[in-house]
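A quick write-up on the structure given underneath.
None of the figures in this text is laboratory data; all of them are computed from the coordinates on show. Fair warning: this is a prediction, and the values are worked out from it, not measured in the lab. Note that each Cβ is placed from the backbone with ideal geometry, even for glycine, and that neighbours are counted across all protein chains shown.
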Amino acid sequence: MKIGLDRREATAGSYDASVSGLFERSEKEDALPRSLAAEDKLLGGLLTRAWDGREIRGRAKELTSLFRPDGKGRVLVAGLGRRPLRSDTIREAAANAVQKLKGRGVRTLAFRVGSFLSEGIDAEAAVRAIASGAALGGYEYLRYKSSTEGAVEEVTLALGDDLGRTEGALKKSLDQELILVDSALFTRDLANTPPNEATPEWLAGEAQRLGKELGIKVTVFDEHRLEEMHCGGILAVGSGSVHPPRMVVLEYPGGARSGKTVAVVGKGITFDSGGISIKPALNMAEMKFDKSGACAVLGIVRAAALLKVPPKVIGVMACAENLPGGSAYRPSDVVRTFNGKTIEVTDTDAEGRVVLSDALAYAVEKYRPDEVIDLATLTGAVVVALGENIGAVLGNDDALARNLQIAGQAVGEPLWPLPLTDPHRDMVRSDIADVRNHVEPRYAGTLLGAAFLENFVGGTSWAHLDVAGPSWARKATLKWVPAYHPLGATGFGVRLVGRYLLDSARSS
Ligand code: BES
Ligand code: ZN
Ligand code: ZN
């Protein structure tokens with residue numbers, strides 16, 4: 001999808017359709033808001049009639065499509081609900097419009113930016129929200145589809161006379177937003193790739209390809225190198241698969257001369273069957289998305305390099321396939337990890353924390369980062385706790401967690417904090433090794449996951465994002481997730497951490 005700005009009013013250009021925002025009518029409001037006067041004229045007064053007849057009320061998610069009597073395309077009115085307007089409402093409305101128009105012969109679409117402004121939403125915020133909503137909402141994974149219905153190809157953000165004067169500044173914001181969004185779509189393509197194609201070697205190859213494109217250093221550690229480095233966690237998890245594990249490190253040198261270093265570490269389980277502690281068949285197919293954290297790391301590094309963010313960014317992907325088999329690791333195994341700590345494997349399905357143990361320890365020892373952020377589809381428990389729209393943030397640095405939460409709020413990728421407490425630290429201790437990866441009963445599974453990971457970050461400032469809920473959109477619940485999260489991988493975390501890295505110039 002091509003997305004650009006135009007100085008003119010939407011009504012001045014020629015588009016297959018144009019979209020205007022409309023706030024919900026208040027009790028006192030009788031007349032159609034004046035902001036829609038131009039559209040109403042084009043439609044020969046149809047909007048006024050629809051408004052008077054309460055066919056159009058401006059409720060959030062409401063979308064009305066009317067044909068211009070002059071035959072020059074359609075006019076759409078997108079409800080924005082009551083004020084105060086949140087940028088997320090705009091993002092959803094834009095996604096919704098693009099989705100509704102698919103297969104309806106609309107190739108070019110304009111949004112009337114001026115109609116989306118409100119207290120707290122300036123032109124820049126509106127441009128960002130519309131552009132990201134359209135691009136994220138219009139995404140589909142088509143690699144294995146032989147045919148598809150025509151989709152919106154060109155989106156124009158029509159500024160009109162008032163806003164046209166600030167086109168230069170808005171163009172800069174748009175360019176930045178589009179890099180974040182394209183990086184999220186890049187991550188979606190990776191995470192949607194089925195596990196017969198997306199093996200750990202394949203993911204490592206994709207990282208190398210990206211590294212070449214960006215001109216940054218990428219190092220791939222294969223199973224032999226991992227053996228030499230005593231990465232017993234990644235090796236154990238990968239041992240049941242014919243596709244050997246990989247750890248991948250990407251290094252973006254940073255845009256500021258003396259900026260901080262941020263390590264971003266991702267769980268990359270290309271398929272999680274549970275291993276010997278095998279999962280039930282129901283929903284097991286979803287576990288191709290268990291590589292979402294590592295795929296997000298690639299998207300984050302891509303965004304960081306293209307945006308030239310100030311901090312140095314180290315991306316680490318811990319990739320393995322978790323399968324049962326004659327050589328698979330088993331419950332009761334003890335493995336030694338990169339930092340020398342030992343793990344008693346009490347459940348092979350708690351494999352994410354086992355691969356992350358090596359990756360986190362390697363990142364903090366080798367690069368001594370100021371901050372380490374990990375992204376992982378770590379626990380089913382977090383989906384029970386926070387649902388499919390919100391990720392959990394845990395760790396040892398409240399300020400870092402808070403700043404990530406703020407960045408998430410800005411881009412429509414919400415995080416909510418969960419605590420890490422001493423009893424949970426105690427519960428992951430093992431009788432025969434340093435830590436154990438699974439604890440009965442399964443209460444507070446997300447907290448236990450974080451308490452385990454804490455053993456591998458030393459004293460480094462650390463935030464753990466458990467993104468098992470929002471990393472993909474499930475068909476059965478699709479209507480309750482935001483429209484900018486269409487079916488399948490969402491790329492959750494890419495825009496959030498990308499935004500955080502952009503803003504962290506101030507805090508470094
Ligand atoms: N990848 C899963 C977590 C998961 C489950 C994500 C469902 C999204 C939906 C993870 O490896 C896992 O299996 N975790 C176990 C941990 C338990 C054995 C301690 C879980 O959540 O049940
Ligand atoms: Zn698992
Ligand atoms: Zn898993």
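Structural remarks
- Relative to the compact-globule estimate of 2.2 N^0.38 Å, the Cα radius of gyration of segment 365-437 comes out at 1.29.
- Taking 1.567 mPa s as the viscosity and 4 °C as the temperature, the Stokes-Einstein diffusion coefficient of segment 350-477 based on its alpha-carbon Kirkwood radius rounds to 87 µm²/s.
- With the simple model of a label 7 Å out from the Cα in the direction of the Cβ, Lys102 to Thr166 spans 3.3 nm.
- Note on Val334 and Arg429: the model spin-label points, each 7 Å out from Cα along the C-beta direction, lie 1.6 nm apart.
- Relative to the longest principal axis of the Cα atoms of the chain, the long axis of helix 292-307 lies at roughly 60 degrees.
- The Rg/Rh ratio for segment 2-163, using Cα coordinates for both the radius of gyration and the Kirkwood hydrodynamic radius, is 0.96.
- Applying 1/(1 + (r/R0)^6) with R0 = 51 Å to the Cβ-Cβ distance of Glu197 and Asp52 gives a FRET efficiency near 0.40.
- For the chain, convex hull volume per residue from C-alpha positions, Å³: 150
- Segment 311-390 versus segment 460-481: alpha-carbon centroid distance in Å: 17
- Taking the centroid of alpha carbons for each part, segment 139-169 and segment 80-107 are 12 Å apart.
- Positive minus negative residues near Val457 (Lys, Arg vs Asp, Glu; Cβ under 14 Å): -2
- Placing a pseudo-label 7 Å from each Cα along the Cα-to-Cβ vector at Arg8 and Ser65 gives an inter-label distance of 2.4 nm.
- Violating pairs (Cα-Cα greater than 25 angstrom) within the set Lys2/Lys312; Lys267/Lys475; Lys61/Lys171; Lys100/Lys291; Lys212/Lys308; Lys100/Lys279: Lys2/Lys312; Lys61/Lys171; Lys100/Lys291; Lys100/Lys279
- Remark: the chain carries a charge dipole of roughly 1320 debye about the Cα centre, counting +1 on each Lys and Arg Cβ and -1 on each Asp and Glu Cβ.
- Förster-model FRET efficiency, 25 Å R0, Asp30 and Lys72, C-beta, rounded to 0.05: 0.25
- Sum of -39500 (n - 2.57) over DSSP H runs of 4+, divided by residues of the chain (222 nm, nearest 500): -10500 deg cm²/dmol
- Extension gain from Glu213 to Asp422, taking 0.36 nm per residue of separation minus the Cα-Cα distance: 70.7 nm
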